[in-house]
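Here the structure comes first, spelled out in structure tokens, and everything after it is commentary.
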Amino acid sequence: MITIDKLKKNFGEKVAVDIEHYEINQGDMLGLVGNNGAGKTTLFRLMLDLLKADDGKVIINDIDVSQSEDWKAFTGAFIDDGFLIDYLTPEEYFYFIGKMYGLKKEEVDERLVPFERFMNGEVIGNKKLIRNYSAGNKQKIGIISAMLHYPQLLILDEPFNFLDPSSQSIIKHLLKKYNEEHQATVIISSHNLNHTVDVCPRIALLEYGIIIRDIINEDNSAETELEAYFNVEE
Ligand SMILES: Nc1ncnc2c1ncn2[C@@H]1O[C@H](COP(=O)(O)OP(=O)(O)OP(=O)(O)O)[C@@H](O)[C@H]1O
């Protein structure tokens, strides 16, 4: 589904991404891990054509993301709250996103139902503008809006950030279910090793912009290797 080829992005002297070749298959649930500054967000931005690569390309379903807009129809992403529209209420924002993908209001309402526990009564029905929501609730609004049109490819940067423990657990289950039920490709980045090994059967470890390990994770088998890499004390 995704081919990353000779992809390079530098910021001045700093190498942010330098990936010779990497393939992500349709239906993969991939976790991207790495220390601060390893290049996770930059890689996502390149995949979503939010940044221009210095060299190389990202191909999604035979489409070079920098050459055509066609990949946008089947891609959903939430990188940061810059994706949100502050002066709308969450409902207005969800309907707006739905409209972009040809969804009627009733369809949007139906698709919000599985997120009810995740929203915990705080996201809709409050007539509150997105700008007045907490960081955790903004994160929830962003994740839900990225999933509303049932994208074949879902990219989420740090989806567990700002969420309380019970919301983290709920979104883990929702993402796993989404990946299985829609055979969607789901790519998340996270600093939370436990969550990553819980939900991702494949994990890419990024160091100074390079994918240094491509780990198959069965029944949390990657946990020891990742803990050793990150030097996590018992
Ligand atoms: N707009 C920018 N201008 C200059 N340098 C940048 C810019 N964006 C990223 N960088 C640099 O590129 C490198 C990769 O950053 P990136 O944000 O992609 O890492 P990350 O793995 O997402 O980090 P974190 O875990 O801290 O979110 C870092 O050294 C960062 O300082």
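Throughout, read-outs are computed from the coordinates displayed, never taken from laboratory work. Since we're looking at a predicted model, the values are computed, not measured. Positions of Cβ are generated from backbone atoms using ideal geometry, with glycine treated the same way; all protein chains shown enter the neighbour counts.
Exactly which chymotrypsin sites (Phe, Trp or Tyr not before Pro) in the range 1-96 are in a DSSP loop and have at most 16 other Cβ atoms within 10 Å? When the chymotrypsin sites (Phe, Trp or Tyr not before Pro) of the range 1-96 are filtered for loop state and at most 16 Cβ neighbours within 10 Å, 87 remain. For the range 108-230, the alpha-carbon coordinates run over 47, 28, 25 Å along the three principal axes, in decreasing order.
Convex hull of alpha carbon positions in the range 172-234: directionally averaged projected area 4.7 nm². Dividing the radius of gyration of the alpha carbons in the range 24-104 by their Kirkwood radius gives 1.00 for Rg/Rh.
Annotation: average projected area of the range 68-108 is 3.5 square nanometres, based on the convex hull of Cα atoms across all directions. Contact order for the chain, expressed relative to its length and based on alpha carbon pairs under 8 Å spaced 6+ residues apart, stands at 27 percent.
With one equal scatterer per alpha carbon and no solvent term, the Debye-computed log10 I(q)/I(0) for the range 117-156 at 0.16, 0.21 1/Å reads -0.43, -0.69.
With 16 Å as the cut-off, how large is the P(r) tail for the range 139-207, expressed as percent of Cα-Cα pairs? Counting every Cα pair in the range 139-207, those more than 16 Å apart make up 43 percent.
Three principal axis extents describe the C-alpha atoms of the range 90-170; from largest down they are 33, 31, 21 Å. Measuring gaps between exposed loop sites in the chain (trypsin sites (Lys or Arg not before Pro); DSSP loop; at most 12 other Cβ atoms within 10 Å), the longest gap, sites not included, is 128-234. At q = 0.08, 0.10, 0.12, 0.17 Å⁻¹, work out log10 I(q)/I(0) for the chain with the Debye formula, treating every Cα as an identical point scatterer and leaving solvent out; two decimals please. Rounded to two decimals, the profile gives -0.29, -0.46, -0.67, -1.31. When the chain is treated as a Gaussian network with alpha carbon springs shorter than 10 Å, the biggest mean-square fluctuation among 81, 62, 49 belongs to 62.
Applying both filters, DSSP loop and at most 11 other Cβ atoms within 10 Å, to the GluC sites (Glu not before Pro) of the range 67-135 gives 69.
For the chain, find the longest principal axis of its Cα atoms and tell me its angle to the long axis of helix 165-182, 0 to 90°, nearest 10. It is inclined by approximately 80 degrees.
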